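The structure appears below as structure tokens.
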């Protein structure tokens, strides 16, 4: 269920128009991860059709992957609610996930025999930028993904 949309934020403008953003409160049930991915697809489809932005299939896939990993981690490690916000700029989509656990996650050391717990590594690899900010309650993780098939030269990794 959307928490808000198109609020004023100077950093999130779409071709000089009002910002394109949407927020969601995600339930604690097992279906919330699928719901989050669905919200992301719907949001990017609106950016593509309603705002005529060039949203590549790559951006659509990577956004769903990042949403899955961040929401899964929030549900797995943090008690309480999970909030997700999606924001589009002219050249990227930002996935913001807030949870109530103030512990800052860190990628684990490379271990080819480890099964699982690669989520943060994956998000770092496919995002142009990844930031974690502690909040008065919990933390906020923001991943930025290029909308085009050729991400900016500052990207940390490629899919």
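The values are calculated or read from the model by the stated rules, or taken from the named source; none is laboratory data. Quick caveat, the model's predicted, so the values are computed rather than measured. Cβ atoms come from the backbone with ideal geometry, glycine included; neighbour counts cover every protein chain shown.
Laid out as a table, the results:
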item: Single residue of the stretch 1-38 satisfying the filter (loosely packed, with under 15 Cβ neighbours inside 10 Å and modelled with pLDDT of 90 or more) that is nearest to residue 100 (Cα to Cα); result: 25
item: Filtered residues of the stretch 90-118 (kept if surrounded by 19 or more Cβ atoms within 10 Å (Cβ to Cβ) and under 21 Å from residue 44 (Cβ atoms)); result: 92, 93, 94, 95, 96, 97, 98
item: Selection from the stretch 39-71 of residues that are over 13 Å from residue 122 (Cα atoms), surrounded by fewer than 20 Cβ atoms within 10 Å (Cβ to Cβ) and touching a helix residue (DSSP H, G or I) at 6+ places or on another chain (Cβ under 7 Å); result: 41, 60
item: The listed residue being at pLDDT 85 or above and within 15 Å of residue 40 (Cα to Cα), out of 121, 135, 128, 69; result: 69
item: Qualifying positions in the stretch 43-57 - within 14 Å of the chain's Cα centre (by Cα) and farther than 26 Å from residue 137 by Cβ; result: 44
item: Odd one out for residue 31, checked against (1) farther than 19 Å from residue 149 by Cβ; (2) in contact (Cβ under 8 Å) with a residue 12 or more places away in the chain; result: (2)
